[in-house]
1. Looking at segment 254-279, which of its residues are part of a loop (DSSP other than H, G, I, E, B) and under 19 Å from residue 198 (Cβ atoms)?
2. Give the residues of segment 176-186 that are loosely packed, with under 15 Cβ neighbours inside 10 Å and aliphatic (A, V, I, L, M), sorted by residue number.
3. Can you name the condition, by its number, that residue 198 falls short on among (1) within 22 Å of residue 154 (Cα to Cα); (2) assigned to a loop (DSSP other than H, G, I, E, B)?
4. Of the numbered conditions (1) outside any helix (DSSP H, G or I); (2) under 20 Å from the mean Cα position of the chain (by Cα); (3) not aromatic (Phe, Trp, Tyr), residue 124 fails exactly one; give the number of that condition.
5. Kindly indicate the residue of segment 127-162 that is in a helix (DSSP H, G or I) and among the acidic types (Asp, Glu) and also nearest to residue 179 (Cα to Cα) among those meeting that condition.
6. Cβ contacts < 8 Å: first residue touching a residue at least 60 places away in the same chain (Cβ under 8 Å), restricted to segment 278-299; second residue among the small types (Gly, Ala, Ser) and part of a strand (DSSP E or B), any location; separation 6+ or different chain. Result?
7. Scan segment 287-335 residue by residue and report those that are in a loop (DSSP other than H, G, I, E, B) and more than 19 Å from the chain's Cα centre (by Cα).
Amino acid sequence: MLSQLGHSLVNYAFKSKNQKFTKDNVDVIITKKGSYTRNYLNIYKLIKKVRPDVVISNFSYANPALLFGKLLGVDQNIVWFHSLDKQMESTKLNIIIKKKFLKLADQLIANSYLTKQELNDIYAVSEHKIKTLPFWSNIADTESSTNALNINKDSQTINIGCPGRMAKHKNQRIVIEALQMLKLNKRTNFHMYFAGVGEEFDNLNRMTEEAQLQDHITFNGHVSASNMIEYYKSMDVIILPSLHEAFGLVFIEAISLGVPVIVSSMFGALSFIDSNTEDLDQIIFDPKSSVDLKNKLELYLDHNGIPSDFFKTLYQENFNKTLIFEDFLTILEKN
């Protein structure tokens, strides 16, 4: 979108091999990831060569971009902060170092009000330097594969999805606990599809066997981006149970497609939604309460869940691409 307004853009990343190409008038430069020192040196060389007016960096690119942007006289050095401290598992030393680098930033963009609060509380960033912007999703514009996942769809069985890396903080365990309670209550008109891989897989698989839910749970493993639309649209409801999530892109992907969602109260994306929105409490649950999740799920097993249009409206009113981009332009123009 910036390129359509006449701006010159360079997108830089580290990957497994070197590549250069142009896509949608954006120059993409990919450098093979190397040692800590070499990666810093490559970022220095890029900024020196391109001489950008604005640098926007995130994740591990932020520290070197801030340092060399300052040394090379970049007009505006912006960090887009995406992760909560709990997700990064930062040590005290990590926090001290990050504090020093963040002082070099002209502005910071936080992807939720939770992230903004952490930047202020933990990293001592002044509130006036932090702007808060949500993400939007382009998933509806993505070409979708069909029947690649072999997910059965019938009116008698409620398909439940849970996409995400299998890690402790993603909290998939509570989903299995809730399903076990449903089964004990003779509520078995469901099938659960977990999409993702990770270190918690063995534990989740063992929990499934112990709860005798093998006939009701499928582990789909890694699902490619091109197959995610099929995955979402094959579900009657998506569960997002994370114990903490700075934003939660999967949430807005699902609701942009009108797929019903039951989401943990710890998702940062919720901070952009008016808490007085009618029926909002029906889609949010306490991620430490399997009973709360079970109760929310029963609405869908009774074919009485929140309708698709509610979620589409929620997306359009709170994560509108045009409005978010206009706010982003305002940030860039503040120099």
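1. The one that is part of a loop (DSSP other than H, G, I, E, B) and under 19 Å from residue 198 (Cβ atoms): 266.
2. Scanning segment 176-186 gives a single hit, 184.
3. Unmet for residue 198, out of (1) within 22 Å of residue 154 (Cα to Cα); (2) assigned to a loop (DSSP other than H, G, I, E, B): (1).
4. (2)
5. Among residues in segment 127-162 that are in a helix (DSSP H, G or I) and among the acidic types (Asp, Glu), the one nearest to residue 179 (Cα to Cα) is 141.
6. Pairs found: 287/264.
7. 288, 289, 302, 303, 304, 305, 306, 307, 334, 335
Conditions tested, residue by residue: (1) in contact with a strand residue (DSSP E or B) (Cβ under 9 Å, 6 or more places away or on another chain); (2) surrounded by fewer than 18 Cβ atoms within 10 Å (Cβ to Cβ); (3) small (Gly, Ala, Ser).
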{"site": "188", "(1), (2), (3)": "no, yes, no"}
{"site": "199", "(1), (2), (3)": "no, yes, no"}
{"site": "207", "(1), (2), (3)": "no, no, no"}
{"site": "216", "(1), (2), (3)": "yes, no, no"}
{"site": "222", "(1), (2), (3)": "yes, yes, no"}
{"site": "228", "(1), (2), (3)": "yes, no, no"}
{"site": "232", "(1), (2), (3)": "yes, no, no"}
{"site": "240", "(1), (2), (3)": "yes, no, no"}
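The values are calculated or read from the model by the stated rules, or taken from the named source; none is laboratory data. Bear in mind the structure is a predicted one, so any value in this text is a computation, not a measurement. Counting neighbours? That spans all protein chains shown, and the Cβs are built from the backbone with ideal geometry, glycine included.
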